[in-house]
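The values are calculated or read from the model by the stated rules, or taken from the named source; none is laboratory data. Only a predicted model underlies this, so the values are computations on that prediction, with no experimental measurement involved. Here the Cβ is made from the backbone with ideal geometry for all residues, glycine too, and neighbour counts use every protein chain on show. Each accessible area value is taken on the protein alone, full model and side chains, heavy atoms only, with ligands, DNA and RNA left out. Shrake-Rupley method; radii C 1.70, N 1.55, O 1.52, S 1.80 Å.
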Amino acid sequence: MEPNWQQEILATFNWQPLLADIILAVDQTGQIIYASNRRNNPFGELFVNIEGRKITDILPNTKILNVLISGEPLVCPEIGPQGDRWAAHYFPWLQENKLVGAMAFFVRSESIAGVRDELEAYSLVNTMYEAALDDVAVGILLINREGKIIFANHVSLELLNLKNQGSILFHHLADSFPQIDVRRVLKTGLPSELKLIHLAEEEVFVRITPLFHKEELLGAAIKFIPKDNAERTELMDQLHLLTSRLDACKRELRGRAADQSPFWSVIGECGSMKKLKRLAERVSKGEATILLTGESGTGKGVFAQAIHNSSSRSEQAFIPINCAAIPENLLESELFGYEEGAFTGAVKGGRVGRLEMANHGTLFLDEIGDMPLAMQAKILRVLQERSFERVGGRKTIHVDVRVIAATNKDLQQLIQEGKFRLDLFYRLSVINIHLPPLRDRGQDVLLLVSRIIENLNQKYGMEVDGIHPKVERLFLENSWPGNIRQLENILEYAFNMLREDEFLIDCEHLPDEFCRDSKHSSRVCMVETIAQAEKEAIIRAIRQSGGNKKEAAKLLGIPRSSLYEKINKLGLKGLEI
């Protein structure tokens, strides 16, 4: 199949074809294999049907032959077949690192005002630029936005064991050097970190820097620093020493922060969370039992761990048990342990229960609202007497343990229904901390997103930068019925949907049902907000009018019949003035 030369040229040489009046491609023998006349055949009749002819038949003194010999690009003036002057750009044509021909892009001097002066200036600047890059002591590769190599200085050629840049020019970097990954830099426009890689026969440090012009990403510069260079090695050793010291300082700061406030693990900067963290840190120093309440997934377990870490018992064990996850017939033995022969299948020698494990430490009773009534009485005794017996045992065991309990149930409602003991409730709720749902925490959602992405990057070995602004808006508007746990699941789903070259979570990476639910919850929130505003306005108007509905309707600017309808609809019929 004949190649599509136009697509091939545009894909390989980017902008040059767009500036050219004439484009020629020749094979290794100098035979013309493609010719494109973009401006009314400026070469005249000699340009008609020239595929298959030698380039020297058209341009006897052409410099394109130099490119076929050297493999190096060339910019120079040319004399056309009719004695007219042209600016010529010659480039080697490479396939699989082999020189298979050359490309010529011609711009006629009179077709663009001042093109000759521009070409001379371009050539001068280009020569100075290349000389400057060749003079530096590091290897440099320049690539365009498509990841194709457009320049290599002499240091980089030496490191790559190449004689000239013609052998890699306009090749995709990923094809020639897969160990150098530029996708992230070209995708995000952010520089890479210094990295040690194996290149050819030695180790080199590599750093990739994006190149911009007027805020437009043009490509990237890849810098190679040979590891065995004495001067550079000394500098790199100093850099590593400074980096090690910086890491040590970071670890020390994290340690100090943990010593000063173990609540660093509780993400939240909204007013309510700051207040709760201050309260929790204050009560953590005491011995009172703490009850954590709030919807499922609000982070009660993290809060309980932070309270333990901030307490005088932090060096002792923190033992959690989920009262809802363990069958009723096993919960007692799990909590209190059992003696040998206590029941069929009991382990020889018996087993220590969670209460004994937590001795001198903290016992965290999660989902306490699901604990059976029979067990509630036994827990109440532990809280009152700090003692218990193992299942099948007679010896009373005394423990010094602090209890933190948590539930997403309404314990007052369970007490009314006879499903939870009132005396146990009072024993548990000496300190009651209610965690707000995620929908009421505003910008905390984005703080949690950053922490979760950081954890998922470690888990999956990825380098995801964050979420798209559209996803930010979606997250901030969502009602989050599953709270933080739902947020974690959504982000982990998105991680599994990302391609290798994607570093930002967009709407397309989120579950379809989540996007549908988000739109619905936004509409529901709007309706609820409007209803609440109407309710407050009606109450205010009725009170201002002294209970006179006619006057209240006038204040509101609505018919009296509409006012009565809204009073009934909003449940204000028995409103007291």
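Can you tell me which of 290-300, 427-437, 494-504 comes out highest on packing, and rank the rest after it, using the mean Cβ neighbours within 10 Å?
Most protected by this proxy first, the peptides run 290-300, 427-437, 494-504.
Per-residue HN-Hα couplings for region 490-504, Karplus 6.51 cos²θ - 1.76 cosθ + 1.60 at θ = phi - 60°, whole Hz, x for Gly and Pro?
Computed from phi, the couplings for region 490-504 are 5, 5, 5, 4, 4, 4, 6, 8, 6, 7, 4, 9, 10, 10, 9 Hz.
If you count only protein heavy atoms and use a 1.4 Å probe, how large is the accessible surface of GLU216, to the nearest 10 Å²?
Ignoring ligands and nucleic acids, GLU216 comes out at about 90 Å².
Within region 182-203, list the residues whose amide N lies under 20 Å from a label point set 7 Å along Cα→Cβ of THR209.
182-197
Looking at the square roots a ≥ b ≥ c of the eigenvalues of the Cα gyration tensor of region 268-329, which shape do they give, rounded for a/c under 1.5, prolate if a/b is larger than b/c, or oblate?
It comes out oblate by the Cα gyration axes.
Would you tell me the accessible area of MET462, worked out with a 1.4 angstrom probe on the heavy atoms of the protein chains, in Å² to the nearest 10?
MET462 has an accessible surface of roughly 60 Å² with all protein chains in place.
Which of the lysines could be linked to LYS459 by a straight reach, that is with a Cα gap under 17 Å, when you skip same-chain ones fewer than 8 residues away?
LYS459 reaches no qualifying lysines.
As a quick test, which of the pairs LYS348/LYS395; LYS195/LYS470; LYS549/LYS569; LYS409/LYS470 have an alpha carbon distance above 24 angstrom in this structure?
LYS195/LYS470; LYS409/LYS470
Mind checking which lysines have their Cα closer than 20 Å to the Cα of LYS277? Skip sequence neighbours fewer than 8 apart in that chain.
Once the sequence-local lysines are set aside, what remains near LYS277 is LYS285, LYS300.
Taking K and R as +1 and D and E as -1, what net charge do the other residues with C-beta under 10 Å from the C-beta of VAL464 add up to?
Details: positive: none; negative: GLU454, GLU463, ASP465, GLU502.
Every neighbour counted, the sum reads -4.
When a/c reaches 1.5 or more, the comparison of a/b and b/c decides; with that in mind, is region 319-368 rounded, prolate or oblate per its Cα gyration tensor?
Judged from the Cα gyration tensor, region 319-368 comes out oblate (a/c at least 1.5, b/c at or above a/b).
What ranking of THR56, THR62 comes out by heavy-atom accessible area, probe 1.4 Å, highest first?
Correct descending sequence by accessible area is THR56, THR62.
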